[in-house]
Every structure is written in C-alpha cells, then in structure tokens.
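Working notes, beginning with the structure itself.
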Amino acid sequence: MHPVFLGIILFSLLVSSLVALWMIKTKANKWTRILAVFFVNALILSIASVYLYKLDVQTFHKQTEGLFDSMGIVTLLFFIPINAFINILVMEFFKNKRDRIGNERQI
C-alpha cells in the first residue's frame, strides 16, 4: 500500500474517532453518531481520492504490486466502511466504559 494512502486512512480514522468521542460526550443518539462518523470518513477519503487523482494520475491510479495496490485510488473509497466499522466499535467501547464507571459510582 502506498504510504500516502496509509497516512490518509489513519488521519481519517483519527479525525472520525475524535468526532465520535466528542459526540458521546454530548449524549447524541447512537444512529446520529454512526451517521456522523460515516460522513466524516466519506468526506475526508473522497476529497483525498479526488485530490490525489488530479495530482498525479500515473502514480495513484493503478499499480500492480502489493496488497490493495492493484485497486489504485479506489483503495481510499474501499476503506470508508472499514473505518466507520472501527469507529463504531470504539464508540461502543467508550460508551460502555463510561456507563460502567457511572454505575459503579452510584453504588
């Protein structure tokens, strides 16, 4: 995988995780949090795909070596639902952790 793709995917995961944690603190609805995380991922990765395609078509369009390299620029779009799923797991983990701590304090 191209290092630029990996950096963009990790950046998108980080930003959407921060949005998810912020939304947990605001006590937003679960589906609202899921949609927000999905749209943040879709926005960042789609803009990066378009920008990289316009930047250098030969480098980022199609490569034939390595894992995900044969997909070319579509790799970023492929990771939108994967990042969203990871963020859903992170949100549920932190929400359950917060609820468990809150219940222990009441006892």
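All of the numbers you see were taken from the coordinates with simple rules; none came from a lab. Worth saying up front: this structure is predicted, and the values here are computed from it rather than measured. So basically every Cβ, Gly included, is an ideal-geometry build from the backbone, and we count neighbours across all protein chains shown.
Structure notes:
- Other residues lying with their Cβ under 12 Å from the Cβ of Phe94 contribute a combined charge of +4, Lys and Arg counting +1, Asp and Glu -1.
- Ranking of Trp22, Trp31 by count of other Cβ atoms within 10 Å, fewest first: Trp31, Trp22
- Ordered by the number of other Cβ atoms lying within 10 Å of each residue's own Cβ, fewest first, Thr26, Thr32, Thr75 fall into the sequence Thr26, Thr32, Thr75.
- Residues in segment 21-30 carry Karplus couplings, in order, of 5, 5, 6, 5, 5, 7, 6, 6, 4, 4 Hz; the curve used is 6.51 cos²θ - 1.76 cosθ + 1.60 with θ = phi - 60°, and Gly or Pro positions show x.
- Other residues lying with their Cβ under 15 Å from the Cβ of Trp31 contribute a combined charge of +3, Lys and Arg counting +1, Asp and Glu -1.
- Loop trypsin sites (Lys or Arg not before Pro), segment 1-60, which have at most 15 other Cβ atoms in a 10 Å radius of their Cβ (DSSP): Lys27
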